[in-house]
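See below for the structure under consideration.
The values are calculated or read from the model by the stated rules, or taken from the named source; none is laboratory data. Since the structure is predicted, the reported quantities are computational estimates derived from the model, not experimental observations. A quick note on method: Cβ atoms are made from the backbone with ideal geometry, for glycine too, and the neighbour counts reach across all protein chains shown. Accessible surface areas use protein heavy atoms only, side chains included; no ligands, DNA or RNA. Shrake-Rupley method; radii C 1.70, N 1.55, O 1.52, S 1.80 Å.
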Amino acid sequence: MMTSLKSGNILETAAQPTTRLSESALREIDGLIKKYATKRSAIMPVLYIAQAEYGYLTHEAIDEVARILELDPTEVLSIAGFYTLYFTHPVGRYVVQICNDLPCALRGAEKFVTEVRQELGIAPNETTPDGMFTLEAVPCIAACDNAPCMQVNLEYYEKLTLEKAREIFAQLRQAVKG
Amino acid sequence: MEQAFVILRHREIPDIQQLGTYIKDGGYEAWKRAVKEMTADQVIDVVKASGLRGRGGAGFPAGVKWSFVPKNVFPKYVVVNGDESEPGTFKDREIIEQNPHQLVEGVALCAYAIQAEIAYIYLRGEFKAPARILQAAIDEAYQAGLLGKNIQGSNYSLNIYLHLGAGAYICGEETALLESLEGKLGQPRLRPPFPANVGLYAKPTVINNVETLANVPPIVRKGAEWYRSFGTEKSPGTKIFCLSGMVKRPGNYEVPLGKIKIRDLIFGEEFGQGLLAEGRTVKGVLPAGASAPVLPESALDTLLDYESVAAAGSMLGSASFIIMDNTVDMVWAATKMVHFFKHESCGKCTPCREGTYWMLNLLEKIDHGHGEQRDVIMLGNVAQQMLGGKCFCLLGDFSTSPVISTLKHFRNEYDAKVQLTPDGGVGTHGAHG
């Protein structure tokens, strides 16, 4: 695993470095970098773009981001590891993040998490076998007045019940098929 | 009618997120006047005179903060703290989603006041949807000639950029936020130097919370005296109270500071309308999310302003009121909160990293019924030992609040959960043993 991490800047005789980011992503990154005084400042938005295109932050993705921003891959990986919204392991097409922090827990969030676990047949931090959903129990997402609440790929769903969640999951499954 | 909508203007004017509607309500009048007719110092002076205090938690006077910025160092930056991550806080999200132009105008006025030509609005990564709305408002403002080069024919130019975080509570701490914006780990910096002198890219920087800056346009437009007609001498203006937990009607309520009591917020007809379940009583109130000491029922008559809540033994902070009724197990609640802090500790300093770990370890042991009296004593000791400036930033100090305050007010619940050791937990096997 470390070989691929280092391939960008140490094993220079290795195969051509991966360039997987699309033309439009690279153009977007060019624009982003101009917003900041240093290239490094663009790392968070650039990691989001790489994550969207690669599916998750593979070592190749980390290498490519490092080359674009002229950073060491290990520095990029440390950023990806520090923040919880970057995934350095494969995740489902939809990441379901249910808040079970205190304000939500006082309004039934823990029961809701259990119900969704049963519905999807997975525990938190697991992915359904079809690769569709990854489930996470997360800290406060600023929707405490509408608990229980969740985000799916960072879009809000609030005032939830198991029935509503079922509908949402069905719609998301449908969207993939369609 | 106790509420007053200085910031939550959309409660009165539904379409205010559209530029046209916002302008009809007097929006951007202050901004145009500032760039055309006012000096930067005049803007600072009116905000100073208004007594507006930072709404992110610390309550530091905004105008005073701005006046600390050196005049002769360029470039300077404005950074908006929209990392809203304190459990129980959801006010900035409502401002961004429902009244985005008032925030944009406030950011612009702050930038002009310190003569910064770039402002970054740092939003927590989970605010992907609110960010779309805010970006649309910023785009509209550019198109209307309210942002960009030579605004309104003046020689002042300003760009406002959005920046999304990626899930880290610590980035709400202003220097950690700056680190994050510079593309580094979100870990706090040593202060001094303060950001007003050495901030983003080591340049003079003002960092203010979303709600703070949303207050600025009406202050500049209507004057400090008008603003001071709301609130108290020491806590002027209105404040958005985020009400959550076991009440009938959770939500954001904007009220002049010092006008209502905690009891009114929970039970008032235009506020929480009482507890969710009939026949219960209030057991604990957290006035500032997980960070402030829990207040018992006896504190319900505390007035809602910075001084009164502090006098009651807690702090107003971000004013996120989490209400717990008499069925709540306070050891469980403390465990939940410490779990949060342990998860969010950035790992930079030992007292916080290790302290939150051990507090959680002990709390879980006690909460699951495996604890002994000496664990309760050790829990209090670990918390006490984290205080007194040992932690690098306030996250560490705040993480002790749930522990120390529940031990103070609800010690009986801890005692009920633990088995007494033969020596009562204080002998050779005690906390220091």
Among (1) more than 30 Å from A:Cys144 (Cα to Cα); (2) under 22 Å from the mean Cα position of the chain (by Cα), B:Asp83 falls short only on (1)
Out of the residues in region B:123-160 that are within 12 Å of another protein chain (Cβ to nearest Cβ), outside any helix (DSSP H, G or I) and of a type outside the set (Phe, Trp, Tyr), which is farthest from A:Tyr48 (Cα to Cα)? B:Asn159
Of the candidates A:Phe82, A:Phe87, the one satisfying the condition of being within 22 Å of A:Val176 (Cβ to Cβ) and within 14 Å of chain B (Cβ to nearest Cβ) is A:Phe87
Going by the structure shown, is A:Thr134 open to solvent by 40 Å² or more (accessible area, probe 1.4 Å) and more than 14 Å from chain B (Cβ to nearest Cβ)? no
Return the residues of region B:296-312 that are without any contact (Cβ under 8 Å) to a residue 24 or more places away in the chain and of a type in the set (Gly, Ala, Ser); say none if nothing qualifies. B:Ser298, B:Ala310, B:Ala311, B:Ala312
Filter region A:33-55 down to the residues that are free of Cβ contacts under 8 Å to residues at least 24 places away in the same chain and open to solvent by less than 10 Å² (accessible area, probe 1.4 Å), then identify the one that is nearest to the other protein chains (Cβ to nearest Cβ). A:Ser41
For region B:92-119, which positions are outside any loop (DSSP other than H, G, I, E, B), more than 18 Å from the chain's Cα centre (by Cα) and within 14 Å of chain A (Cβ to nearest Cβ)? B:Gln98, B:Ile118, B:Ala119
Unmet criterion (only one of (1) open to solvent by less than 10 Å² (accessible area, probe 1.4 Å); (2) part of a loop (DSSP other than H, G, I, E, B)) for B:Asn208: (2)
Of all residues in region A:145-168 being without any contact (Cβ under 8 Å) to a residue 40 or more places away in the chain and under 22 Å from the mean Cα position of the chain (by Cα), which is farthest from the other protein chains (Cβ to nearest Cβ)? A:Ile168
So A:Thr58 ticks every box in (1) closer than 24 Å to B:Thr205 by Cβ; (2) crowded, with 16+ Cβ neighbours inside 10 Å but one. Which box is left unticked? (1)
Given the structure, is B:Ile366 open to solvent by 20 Å² or more (accessible area, probe 1.4 Å) and closer than 12 Å to B:Tyr414 by Cα? no
Is it the case, given these coordinates, that B:Gln385 is under 30 Å from B:Leu177 (Cβ atoms) and surrounded by fewer than 23 Cβ atoms within 10 Å (Cβ to Cβ)? yes
Subset of region A:62-77, residues under 18 Å from A:Asp30 (Cβ atoms) and either of a type in the set (D, E, K, R) or more than 14 Å from chain B (Cβ to nearest Cβ) (or both), comes to A:Glu64, A:Arg67, A:Glu70
Considering (1) touching a strand residue (DSSP E or B) at 6+ places or on another chain (Cβ under 6 Å); (2) within 14 Å of chain A (Cβ to nearest Cβ); (3) closer than 21 Å to B:Asn81 by Cβ, say which one B:Val247 fails and leave the rest. (3)
For region A:23-36, name all the residues that are over 19 Å from A:Val76 (Cβ atoms) and assigned to a loop (DSSP other than H, G, I, E, B). A:Lys34
Counting only residues in region B:302-344 that are part of a loop (DSSP other than H, G, I, E, B) and β-branched (Val, Ile, Thr), the one surrounded by the fewest Cβ atoms within 10 Å (Cβ to Cβ) is identified as B:Thr327
Residues that are in contact with an Asp or Glu (Cβ under 8 Å, 6 or more places away or on another chain), in contact (Cβ under 8 Å) with a residue 60 or more places away in the chain and within 26 Å of B:Lys408 (Cα to Cα), at least 2 per element: which strands (runs of 3 or more DSSP E) completely within region B:238-295 meet that? B:238-245, B:282-290
Within region B:66-91, the residues that are touching a strand residue (DSSP E or B) at 6+ places or on another chain (Cβ under 9 Å), open to solvent by 50 Å² or more (accessible area, probe 1.4 Å) and either away from chain A (no Cβ under 14 Å) or not in a loop (DSSP other than H, G, I, E, B) (or both) are B:Phe68
